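Contents: one structure, followed by commentary.
The values are calculated or read from the model by the stated rules, or taken from the named source; none is laboratory data. For clarity, every value in this text was computed on a predicted model and none was experimentally measured. So basically every Cβ, Gly included, is an ideal-geometry build from the backbone, and we count neighbours across all protein chains shown.
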Amino acid sequence: MMQKGSPVRKSDLLASPGWLEHAFLPAGVLPPEETACGHQRHSATVVMSEAAFPRKQCEADGVIAIDSRPVAVYTADCLPVLIADTRQHHVAAVHAGLKGTLAGVLQQAVAKLLDSGATPQSLVVAIGPAIAPCCYELGEDMLGKITGNPLVSAPRWFSAQPHNERAVRPQAQATQHGSWFDLPELARQMLLAMDIPAAQIDVLPVCTWCSAEPQSSYRRNSHFSDGYALRYSWIQRRE
Ligand SMILES: [Zn+2]
């Protein structure tokens, strides 16, 4: 299923601490065997790794490890968010689509890390490949729900579709006279609102629709039929 040459992507920010490993895998590639991962429901539920191993045995959209078990999330167009606490050497993987983000899954994950000894300044966060504003059209009704959400301060969207110069295939076509919503920026703003420094938040510039491998986007595959496979993103504290 993996396309020849499909890259494993990494965040420079998460690559620098020597005590951890991470990867944003291409579509269809599985994480390490011993990885903990919840059965994702677009909820704000975040659990410890013991509860999510064997994989998908509990419902959760975020998993935290305080030991060396890898934790992962699987995504299509939603945001895979990997978090490392440089103070306690705890790690978290969070599945944050629009629904889960608005439900507060990032706040839950950060709160749990703070409870176990992190500070906002000790957290480093990487937001992996997801649908970007170049290809994510939302209608007025959904934009209204976003604006009315108490966790949201200044959501960003564009009335004209942004051009993505990194696109390797045509961007999404407008279907509903809507606006082009910036989901990664929504997550970034929420992390900033939790006092995580801007320099410690990395957003990978890869859109699952137009600039990742062709099986990445569930949304795109509902219009074309290239096939579709989940993308795993994982993070692990080394022994
Ligand atoms: Zn795009």
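A residue that is farther than 30 Å from A118 by Cα, surrounded by fewer than 20 Cβ atoms within 10 Å (Cβ to Cβ) and more than 16 Å from the ligand (Cβ to nearest atom) occurs somewhere in region 171-193. In region 135-145 there is no residue matching the filter, namely being within 28 Å of A229 (Cα to Cα) and of a type in the set (K, R). Counting the residues of region 114-142 that are crowded, with 20+ Cβ neighbours inside 10 Å, more than 17 Å from the chain's Cα centre (by Cα) and either among the aromatic types (F, W, Y) or closer than 10 Å to D85 by Cα (or both) gives 1.
Scanning region 154-167 for residues that are in contact with a helix residue (DSSP H, G or I) (Cβ under 8 Å, 6 or more places away or on another chain), more than 16 Å from the ligand (Cβ to nearest atom) and part of a loop (DSSP other than H, G, I, E, B) turns up at least one hit. Hey, can you tell me all the residues within region 194-215 that are surrounded by 15 or more Cβ atoms within 10 Å (Cβ to Cβ) and either within 13 Å of the chain's Cα centre (by Cα) or among the charged types (D, E, K, R) (or both)? Matches in region 194-215: I201, D202, V203, L204, V206, C207, T208, E213.
This table checks each residue for (1) out of contact with any Asp or Glu (no Cβ under 9 Å at 6 or more places or on another chain); (2) of a type in the set (A, V, I, L, M, F, W, C); (3) at pLDDT 95 or above.
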position	(1), (2), (3)
V110	yes, yes, yes
G117	no, no, yes
E137	yes, no, yes
A174	no, yes, no
F181	no, yes, yes
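Yes/no per residue for (1) buried (at least 21 other Cβ atoms within 10 Å of the Cβ); (2) over 15 Å from the mean Cα position of the chain (by Cα); (3) under 17 Å from V124 (Cβ atoms); (4) modelled with pLDDT under 95:
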| site | (1), (2), (3), (4) |
| --- | --- |
| M2 | no, yes, no, yes |
| L14 | yes, no, yes, no |
| A27 | yes, no, no, yes |
| P31 | yes, yes, no, no |
| R41 | no, no, no, no |
| A51 | no, yes, no, no |
| E59 | no, yes, no, no |
| A65 | yes, yes, yes, no |
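Selection of region 86-116 for residues being in contact (Cβ under 8 Å) with a residue 60 or more places away in the chain, over 21 Å from A15 (Cβ atoms) and among the hydroxyl-bearing types (S, T, Y) yields only T101. Total residues in region 77-96 satisfying the condition of being surrounded by fewer than 21 Cβ atoms within 10 Å (Cβ to Cβ) and on the phi < 0 side of the Ramachandran plot: the figure is 3.
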